[in-house]
Structures are given as structure tokens and as C-alpha cells.
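The values are calculated or read from the model by the stated rules, or taken from the named source; none is laboratory data. What you see is a predicted model, and the numbers here were worked out from it, not measured in a lab. With ideal geometry, Cβ positions are generated from the backbone for all residues, glycine too; neighbour counts draw on all protein chains shown. SASA here: full protein model, heavy atoms, side chains in, ligands and nucleic acids out. Shrake-Rupley method; radii C 1.70, N 1.55, O 1.52, S 1.80 Å.
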Amino acid sequence: MADSMHANYGRIGFAVVAAAVAIVGTLIYLGGAGGDNDVVYAESYYDNPVTGLSVGSDVNLRGVKVGEVREISFIGSEYDDASGRDAPKIYILMSFAAKKMRKGVDMEAEENLRRLVAKGLHATVTSSGVTGLSKIELNFPRTEIADEKISWRPRHVCIPPAPSMMENFSDAVGKFIHQLNSMDFVSAWSNIASVAESAANIAGNVDDLVENGKSGIEAIVRNMDEAATQVKEFATAVKENPSLLLRSADAEPLPETQP
């Protein structure tokens with residue numbers, strides 16, 4: 001009886017230990033320690049604020065979720081070789097499901113990522129809507145982007161950033177306002193007034209010229225009227241007597257008609 005109870009306790013203890021090991025293993029795997037073989041990393045950087053972006057935010061490739069944000073920091077905190085200009089840039093580490101980033105069975109995920117970057121792949125921080133949350137969209141911009149040369153050596157595949165539509169709009173508005181602030185409206189108005197005065201003087205000179213040459217212009221018009229009248233009379237005469245095109249109106253009689 002005692003031996004049977006000890007056996008049952010042994011089975012229960014073994015089951016408890018096995019369950020605990022399974023739970024710990026699952027937690028470790030979900031935490032990333034056991035699944036790194038199925039994950040590939042890439043990084044990006046950003047000059048503008050990434051408000052709404054956090055660890056766990058989605059990373060989409062052409063609208064399809066392929067990974068998530070793993071870490072957000074500063075370039076200066078991650079790389080000692082970063083220049084003073086690059087140190088304040090925002091560092092973004094992304095993890096991807098390797099099976100989604102492979103190209104068939106011939107190209108591994110990291111190699112394929114490098115190929116996509118060479119073809120123009122860029123990362124953009126975009127807002128998800130009214131929630132205020134943000135995500136990263138990976139896409140191929142239609143307009144060419146001049147990527148800056150970075151001063152540090154990335155540990156992972158580096159996907160260069162691209163500004164979002166709202167950032168482009170904000171920059172354009174800012175430049176427009178800056179141009180307005182730098183304009184000298186007093187000088188501009190003075191130039192406009194000067195141009196208007198010059199135009200008025202030119203118009204006055206033209207009026208004087210027309211007034212002074214009025215008599216000559218009237219004579220030219222009269223001559224043109226007289227010439228037009230003569231042409232009209234000649235056309236009427238030719239219509240009534242087409243032979244006038246071959247001889248003059250007062251031609252001498254033909255020999256056979258002479259007496």
C-alpha cells in the first residue's frame with residue numbers, strides 16, 4: 001500500500017516538473033530566445049519625431065504585416081562611431097518573420113532584404129489613423145530619394161528612411177512660410193508702383209504719337225479707300241467685258257474691222 005502511494009506521488013511529481021519545464025520553454029520561445037532562427041533583423045533611422053511608434057508596432061511590406069518593432073533608441077546610444085550630426089537620429093530595430101522575407105527556397109531572408117534595399121526599399125513611419133498609433137511601412141517610393149551617407153556601420157541590414165506624405169506637406173508649408181517671412185514687401189510694393197508709373201508714361205507717349213500722326217494716318221486711310229474703290233470698279237468692268245484682261249479698254253479697232 002505504501003509502495004503504491006509512493007509510486008503515485010512520483011508520477012504526480014514528474015507530471016508537475018514536466019509541465020513546469022514546458023511552460024518555461026514556451027515562455028522562453030515566445031520571448032525570442034528560442035525562435036531567433038525564424039527571425040531576421042533589420043534597422044532604420046529617422047530624423048523626424050516618431051510619435052505614436054512603440055516596441056511591438058507593426059512593420060508592413062506593401063501593406064502586409066511582416067514583422068514588428070523590437071527596439072527604439074538613438075543612433076548615438078547604439079553606435080560609438082556615429083558622428084555628432086548622426087548621433088541624435090532615432091534608431092529603429094525591426095524583426096521579421098524569416099519565412100515571409102525569403103524568396104522561394106533559393107534566397108535567405110537577409111539576402112533578400114539586402115536585394116530589396118538595393119532595388120529602392122525604404123521605411124516610412126506612418127500614422128494608423130485616429131488612434132494616434134504609428135507603424136512602419138516598407139515600400140518603393142515612386143519618386144527617387146537621395147539617401148544620405150551614414151557615418152556608422154550598421155549591425156543589420158539598414159533600410160533607409162523615406163518621409164511620409166504628411167511630413168512632405170509640412171516641410172512644403174514650412175518652406176513657404178519661411179519664404180513669406182523673408183520677403184521684403186515694402187520693396188516689392190515700391191517696385192510694383194514704379195512699374196505702374198513707367199507703364200503710364202509709355203501709354204501717354206503712345207497717345208501723343210497717335211495724336212501727332214493723326215493727319216498722316218487719315219491720309220493713308222483715304223488713299224486705301226480710293227484704291228479699294230478703283231479695284232472694285234475694275235472688277236465690275238472685267239466681269240461685264242472679260243476681254244479687257246487681254247487688251248486695254250480703249251484699244252484700237254482690229255484691222256479687219258477698220259473701214
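A few notes on this one:
- In the range 87-108, of all residues being out of contact with any Asp or Glu (no Cβ under 9 Å at 6 or more places or on another chain) and not in a loop (DSSP other than H, G, I, E, B), the one that is modelled with the lowest pLDDT corresponds to Met107.
- Inter-residue pairs, beta-carbon under 6 Å, first assigned to a loop (DSSP other than H, G, I, E, B) and in the range 56-73, second modelled with pLDDT of 95 or more and not charged (D, E, K, R), 6+ apart: Ser57/Val69
- Breaking point among (1) open to solvent by less than 60 Å² (accessible area, probe 1.4 Å); (2) within 17 Å of Ala162 (Cβ to Cβ), for Arg62: (1)
- Test: residue in the range 43-52 that is at pLDDT 65 or above and in contact with a helix residue (DSSP H, G or I) (Cβ under 7 Å, 6 or more places away or on another chain): yes
- Residues being open to solvent by 50 Å² or more (accessible area, probe 1.4 Å), modelled with pLDDT of 70 or more, of a type outside the set (Asp, Glu) and more than 23 Å from the chain's Cα centre (by Cα) are represented in the range 178-190 by at least one member.
- Filter result for Tyr79 (under 18 Å from Gly52 (Cβ atoms) and either touching a strand residue (DSSP E or B) at 6+ places or on another chain (Cβ under 6 Å) or at pLDDT 90 or above (or both)): no
- For the range 118-161, the tally of residues that are modelled with pLDDT of 90 or more and within 19 Å of the chain's Cα centre (by Cα) stands at 15.
- Single match in Ala82, Ala42 (criterion: more than 28 Å from the chain's Cα centre (by Cα) and crowded, with 20+ Cβ neighbours inside 10 Å): Ala82
- Among residues of the range 147-164 that are at negative phi, those with a Cβ under 8 angstrom from a residue that is of a type in the set (Lys, Arg), sequence gap 6+ or separate chain, pair up as Ser151/Arg85; Val157/Arg114.
- A single entry from Arg70, Arg115 fulfils the requirement of being charged (D, E, K, R) and at pLDDT below 95: Arg115.
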